[in-house]
1. Residue by residue through the range 111-119, which ³J(HN,Hα) values in whole Hz follow from phi under the Karplus form 6.51 cos²θ - 1.76 cosθ + 1.60 (θ = phi - 60°), with glycine and proline marked x?
2. Kindly write out, for the range 48-63 in residue order, the coupling ³J(HN,Hα) from the Karplus curve 6.51 cos²θ - 1.76 cosθ + 1.60 (θ = phi - 60°), rounded to whole Hz, with x marking Gly and Pro.
3. Given the DSSP H assignment, sum -39500 (n - 2.57) over each helix run of at least 4 residues in the chain and divide by its residue total; what's the result at 222 nm in deg cm²/dmol, nearest 500?
4. Compute the orientation-averaged projected area for the range 25-131 from the convex hull of its Cα atoms and round it to one decimal in nm².
5. Just rank T123, T19, T128, T70, fewest to most, by other beta-carbon atoms within 10 angstrom.
6. Just how large is the dipole of the range 48-143 about the Cα centre, in debye to the nearest 20, putting +1 at every Lys and Arg Cβ and -1 at every Asp and Glu Cβ?
7. Which of A131, A39, A57 ends up with the largest GNM mean-square fluctuation for the chain, with Cα atoms connected below 10 Å?
8. Return L33, L26 ranked ascending by Cβ neighbour count within 10 Å, so the fewest neighbours appear first.
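Since every read-out is calculated from the coordinates, none of them should be taken as a lab result. Worth saying up front: this structure is predicted, and the values here are computed from it rather than measured. Quick reminder, even Gly has a Cβ in these numbers, built from the backbone with ideal geometry, and neighbours come from all protein chains shown.
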Amino acid sequence: MPDRPLLPPVPHIMMAPSTLPDGAELVLRVIPLPADVNANGDIFGGWIMAQVDLAGAVLPSRIAKGRIATVAVNQFIFKQPVSLGDLLSFYAHVTRIGRTSVSVHVAVYAERNPANLQVVKVTEADLTYVAIDSNGQPRPVPV
């Protein structure tokens, strides 16, 4: 039996990029599982919110060089439903660095319908994280 490639050659496909034009960086990729589906058959909004919080914490934790805590969800917009089988890509960029806090914008894109791949923005949010010390008290963000 002749050897054949594991994957067929793939022509140009529209995948989510590793960065966005506004400088946002890919910080998380995840595929929702059947346990994440709500009663309507879509992915539960609370699950998406939890993933956004995890993704949003990546850059602030680097900047704070230590522990951080979510202090505010300033805005959260569900633009389109997320479906089982969607590959979600979470992009974050820092919007503000304060004395003890870091704010970020997170945009979530879904790669869906593999037979005719589409990439669509499904969610975006603005969150603020505060740098905390070992006692859970705010501390200055290193300069």
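1. Going residue by residue, I get 9, 9, 6, x, 5, 9, 3, 10, 10 Hz, with x marking Gly and Pro.
2. Running phi through 6.51 cos²θ - 1.76 cosθ + 1.60 with θ = phi - 60° gives 5, 4, 5, 5, 4, 5, 4, 5, x, 7, 4, 5, x, 5, 5, 5 Hz.
3. Mean residue ellipticity, 222 nm, calculated: -5000 deg cm²/dmol.
4. If you wrap the Cα atoms of the range 25-131 in a convex hull and average its projections, you get 6.8 nm².
5. Going from sparsest to densest Cβ surroundings: T19, T70, T128, T123.
6. 300
7. A39
8. L33, L26
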